[in-house]
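Inspection log for the structure reproduced underneath, given as structure tokens.
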């Protein structure tokens, strides 16, 4: 394939999946016919993981039907040296078998086309995608959080991620900040819901969807959602104030149950003196795919490349 400025292959790496698709950089739209996804067993040997990733990318490349592809942009969770594309996942944890692997070099022998690769945190990619795709995102200061297996966060100012600034936490991350008896990730996540309900009732539930289904009939489920909204509001408000955010965007699977903690979250933020809009993310994982491909927008790249985290 010859390269040009128009098409970039965007890739979203999750804890148990990979998705990829070609994005038209002129329109910021995914070419749906190139979308491919696959489940990934993240504790498998590195050869198995890389082969699964490569197979998925090759499906998108084949479906591109000879379109020129400029490069591959990854939205992936850390820890990674995002500048160099070196995986730093701890051994014994998810993707731990990739520890120390230079991802671009490892994948080139599997891919049908040799393409340059760039890397961005998945939560940051999601936030950037939401900003660039929304009506006011390029004018606003936004905090985009993802609520699911963990707490993801991305601060953006006029569509550019803010990671090294006194107005945001280190690297723009919220998940690792101290909260109560642990860190924020312990509370604002699926396991946080499960733990809270178990502490109240002694019963272990499967997840947030189960609690949402019993919201109207189970007072304990309602209590968990109410507390979640209040606690999240108290946790986020200082950072929203410090960043002077215009908008809070909420994504991830837990966002599907937003109606159950909307009132307590928004009332708590108002009690902190905040006046900002709150909206549910519109683009899910495809927002992260599109957001990552901006790494090959040279204006965007020149603004972020020096700030990419090395861990």
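The values are calculated or read from the model by the stated rules, or taken from the named source; none is laboratory data. All of these numbers come straight from a predicted model, not from anything done at the bench. In this analysis, Cβ positions are derived from the backbone assuming ideal geometry, glycine residues included, and neighbour counts consider all displayed protein chains.
Just a few scattered comments:
- Residue 130 vs. criteria outside the structural domain of residue 254 (by TED's automatic domain parsing), under 22 Å from residue 237 (Cα atoms) and surrounded by 15 or more Cβ atoms within 10 Å (Cβ to Cβ): yes
- Filter result for residue 253 (in the same structural domain as residue 15 (by TED's automatic domain parsing) and at pLDDT below 95): no
The rows are residues; the columns are (1) under 23 Å from residue 61 (Cβ atoms); (2) within 16 Å of the chain's Cα centre (by Cα).
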{"position": "84", "(1), (2)": "no, no"}
{"position": "95", "(1), (2)": "yes, no"}
{"position": "101", "(1), (2)": "yes, no"}
{"position": "104", "(1), (2)": "yes, no"}
{"position": "108", "(1), (2)": "yes, no"}
{"position": "113", "(1), (2)": "yes, no"}
{"position": "123", "(1), (2)": "no, yes"}
{"position": "127", "(1), (2)": "no, yes"}
{"position": "134", "(1), (2)": "no, no"}
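- In this structure, residue 235 does not satisfy being surrounded by fewer than 21 Cβ atoms within 10 Å (Cβ to Cβ), part of a helix (DSSP H, G or I) and not assigned by TED's automatic domain parsing to the domain that holds residue 141.
- Some residue of the range 265-275 being closer than 20 Å to residue 166 by Cβ and surrounded by 15 or more Cβ atoms within 10 Å (Cβ to Cβ): yes
- Summed over the range 60-99, residues that are surrounded by 15 or more Cβ atoms within 10 Å (Cβ to Cβ) and closer than 23 Å to residue 23 by Cα total 16.
- All told, residue 9 falls short of being farther than 14 Å from residue 294 by Cβ and either under 23 Å from the mean Cα position of the chain (by Cα) or at pLDDT below 95 (or both).
- Residue in the range 59-69 that is in contact with a helix residue (DSSP H, G or I) (Cβ under 6 Å, 6 or more places away or on another chain) and closer than 27 Å to residue 150 by Cα present: no
- Selection from the range 12-52 of residues that are more than 13 Å from residue 290 (Cα to Cα) and assigned to a loop (DSSP other than H, G, I, E, B): 14, 15, 16, 40, 41, 42, 43, 44, 45
So that you can scan it fast, the table gives a plain yes or no per residue for (1) under 26 Å from residue 172 (Cα atoms); (2) in contact (Cβ under 8 Å) with a residue 24 or more places away in the chain; (3) outside the structural domain of residue 182 (by TED's automatic domain parsing); (4) more than 23 Å from the chain's Cα centre (by Cα):
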{"site": "196", "(1), (2), (3), (4)": "no, yes, no, yes"}
{"site": "202", "(1), (2), (3), (4)": "no, no, no, yes"}
{"site": "218", "(1), (2), (3), (4)": "no, no, no, yes"}
{"site": "249", "(1), (2), (3), (4)": "yes, yes, no, no"}
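- Out of 83, 67, 139, 94, sole residue that is farther than 30 Å from residue 248 by Cα and either outside any helix (DSSP H, G or I) or without any contact (Cβ under 8 Å) to a residue 12 or more places away in the chain (or both): 67
- Flag: residue 38 does not match the condition of being assigned by TED's automatic domain parsing to the domain that holds residue 293 and either at pLDDT 95 or above or closer than 17 Å to residue 117 by Cβ (or both).
One line per residue, one yes/no per condition, for (1) closer than 30 Å to residue 300 by Cα; (2) in a loop (DSSP other than H, G, I, E, B):
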residue	(1), (2)
166	yes, yes
171	yes, no
196	no, no
200	no, no
204	no, yes
212	no, no
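- Residue that is at negative phi and in a helix (DSSP H, G or I), where the choices are 275, 282, 270: 270
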